[in-house]
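Student: Have a look at the structure that comes next, please.
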Amino acid sequence: MSDIRTRALACRDAAPAIAGLDDAARRALLLDMAAAVDAHAQDILDANAKDMAGAADKGVQGAMLDRLKLDASRVAAIADAVREVAGLPDVVGQVTRREERPNGLAIERVRIPLGVVAMIYEARPNVTADAAALCMKAGNAVILRGGKEAIHSNLAIAAALHEALDKHGVPKETLTIMDDLRREAMVELLQLSEIVDLAIPRGGEGLIRFVTEHARVPVIKHYKGVCHLYVDREADPDLALALLLDGKTTRTGVCNALETLLVHKDIAPSFLPRAAEALRAKGVELRGDEASRSLAGEMTAATEDDYDAEFLDLILAVRVVDDLDAAIAHIRRYGSDHTEVIATRNQATAARFVHALRSAVIMVNASSRFSDGGQLGLGAEIGISTTRLHAYGPMGAESLTIERFVVRGEGQVRHPESRSR
């Protein structure tokens with residue numbers, strides 16, 4: 001038996017230990033996990049320094065380097081996110097629907113844990129703690145397979161979390177972190193359909209495609225974020241500019257950053273020059289269509305690939321559109337079902353935008369940067385699903401459960417002849 005299968009089996013066998021805890025016990029466990037991260041902050045930072053040095057030697061830069069980097073405030077934020085998850089309402093055993101049938105049967109829909117979740121991610125050390133906390137809040141065991149760029153950071157965070165598990169007498173196998181980072185090992189993990197209940201890949205387009213092509217277990221994709229801001233003809237220009245700068249320039253290497261700006265032709269002559277000046281002052285490279293370039297200048301001609309791109313950098317694609325329908329058509333063609341934003345004073349226009357698009361998150365006069373589990377009240381998030389299954393959009397603890405039927409009766413039988421006489 002391979003080591004991958006052996007460790008996955010151990011995780012599955014340990015899963016009942018976390019599923020069997022009540023809410024108070026899981027809450028206490030998570031609070032101690034957060035405390036352990038705080039207590040081992042320097043160990044985590046030392047490990048991250050090794051990862052950063054290794055990444056620099058390999059020429060890693062830009063968004064991936066930003067995602068990899070930890071400092072004292074980011075480590076503190078990791079611990080705070082675990083505390084926030086601990087404080088969320090319990091979802092395990094939650095009755096989401098109850099009705100009584102004419103025959104007297106009480107029918108309930110009840111949330112239960114998924115079982116074993118395999119989390120596959122790249123250079124995001126915070127995901128190690130976020131995924132563990134959310135899975136355990138929902139009563140699941142978790143297998144963590146991070147990227148080789150963050151191996152030292154991930155192992156250091158996992159070591160702190162294991163300390164808390166040991167304190168509570170929970171087997172460390174409920175949080176299994178893979179240190180075999182070969183692609184072949186990942187493929188083997190993804191094919192353990194009788195052991196792993198769900199795989200969640202979170203990373204670049206190449207990772208997502210690799211996982212979906214090789215998995216035999218169910219997969220929820222956290223695909224790229226080609227996020228759009230549409231500035232309507234009836235937008236408040238100051239509000240729209242604030243949404244644009246917040247969405248594009250505050251942190252470029254995240255999936256909820258804006259990648260494309262669409263501007264109604266009627267407001268473009270006044271809005272685009274002002275927006276372009278503000279963006280250039282922040283170091284943003286603009287790539288636009290002919291209409292945009294004629295209004296704003298100093299703009300590279302955009303290609304079809306630019307409108308399809310998740311830049312994760314200080315680069316923004318721009319297009320002037322004739323109307324709302326043209327903006328919707330553009331998003332339907334180039335969007336990734338992640339997050340779309342409209343700036344408008346017209347509520348009817350906003351309603352049309354909301355109902356015409358199927359993206360996981362739609363923002364009306366609010367920044368794309370709010371497309372985040374923590375900001376939407378989920379605590380931390382395990383990712384943002386762009387797969388239209390039971391979970392769509394930011395995934396918190398509730399999305400890591402399934403609903404089953406519980407039927408309560410008083411001896412009812414479907415066929416009267418079943419009763420003895």
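Student: In region 258-301, which residues are out of contact with any helix residue (DSSP H, G or I) (no Cβ under 6 Å at 6 or more places or on another chain), of a type outside the set (Val, Ile, Thr) and assigned to a loop (DSSP other than H, G, I, E, B)?
Tutor: Within region 258-301, 265, 266, 283, 289, 297, 298 meet the criteria.
Student: Here is a further query. Take the residues in region 189-207 that are open to solvent by 60 Å² or more (accessible area, probe 1.4 Å) and either touching a residue at least 60 places away in the same chain (Cβ under 8 Å) or part of a helix (DSSP H, G or I) (or both), then tell me which one is nearest to residue 254 (Cα to Cα).
Tutor: Checked region 189-207; the qualifying residue nearest to residue 254 (Cα to Cα) is 205.
Student: Moving on to the next point. If you check every pair at least six apart or on different chains, which have Cβ atoms under 9 Å apart with a residue in region 310-331 that is without any contact (Cβ under 8 Å) to a residue 24 or more places away in the chain first and a residue that is small (Gly, Ala, Ser) second?
Tutor: Matching pairs, first to second residue: 325/356.
Student: For region 1-77, which helices (runs of 4 or more DSSP H) that fit wholly inside it have 1 or more residues that are of a type in the set (Val, Ile, Thr)? Don't jump to the end; show me each part of the working.
Tutor: On the way: elements: 3-19, 23-39, 41-57, 63-68.
Output list reads 3-19, 23-39, 41-57.
Student: Name, by its number, the condition in (1) at pLDDT 95 or above; (2) not in a helix (DSSP H, G or I) that does not hold for residue 162.
Tutor: (2)
Student: Further, regarding this structure: Taking residue 398 as meeting all but one of (1) touching a residue at least 24 places away in the same chain (Cβ under 8 Å); (2) assigned to a loop (DSSP other than H, G, I, E, B); (3) open to solvent by 30 Å² or more (accessible area, probe 1.4 Å), write down the number of the exception.
Tutor: (2)
Student: Still on this structure, I have one more. What pairs come out if I take residues in region 13-33 that are in contact (Cβ under 8 Å) with a residue 40 or more places away in the chain and on the phi > 0 side of the Ramachandran plot and pair them with residues that are open to solvent by less than 40 Å² (accessible area, probe 1.4 Å) and aromatic (Phe, Trp, Tyr) whose C-beta lies under 9 Å away, six or more apart or interchain?
Tutor: Hits for this filter: zero, empty list.
Student: Kindly indicate whether residue 145 is surrounded by fewer than 24 Cβ atoms within 10 Å (Cβ to Cβ), modelled with pLDDT of 95 or more and within 18 Å of the chain's Cα centre (by Cα). Please lay out each step first, then the result.
Tutor: Working: surrounded by fewer than 24 Cβ atoms within 10 Å (Cβ to Cβ): yes; modelled with pLDDT of 95 or more: yes; within 18 Å of the chain's Cα centre (by Cα): yes.
When the stated conditions are applied, residue 145 passes them.
Student: Only one of 265, 282, 221 is open to solvent by 70 Å² or more (accessible area, probe 1.4 Å) and either within 19 Å of residue 359 (Cα to Cα) or among the aromatic types (Phe, Trp, Tyr) (or both). Can you tell me which?
Tutor: Answer to the selection: 221.
Student: Applying the selection to region 139-172, what residues are aliphatic (A, V, I, L, M), closer than 26 Å to residue 211 by Cα and out of contact with any His (no Cβ under 9 Å at 6 or more places or on another chain)?
Tutor: Selection gives 141, 142, 143, 144, 150, 151, 155, 158.
Student: OK, next. Among the residues of region 157-177, which ones are touching a residue at least 40 places away in the same chain (Cβ under 8 Å), open to solvent by less than 20 Å² (accessible area, probe 1.4 Å) and not hydroxyl-bearing (Ser, Thr, Tyr)?
Tutor: 157, 160, 161, 164, 165, 170, 175, 177
Student: Among the residues that make up region 368-377, is at least one of them open to solvent by less than 50 Å² (accessible area, probe 1.4 Å), of a type outside the set (D, E, K, R) and within 28 Å of residue 290 (Cα to Cα)?
Tutor: Yes, region 368-377 has at least one match.
The values are calculated or read from the model by the stated rules, or taken from the named source; none is laboratory data. Bear in mind that the values here come from a model prediction, so they are computed numbers and not experimental data. Note that each Cβ is placed from the backbone with ideal geometry, even for glycine, and that neighbours are counted across all protein chains shown. All accessible areas refer to the heavy atoms of the entire protein, side chains included, with ligands and DNA or RNA removed. Shrake-Rupley method; radii C 1.70, N 1.55, O 1.52, S 1.80 Å.
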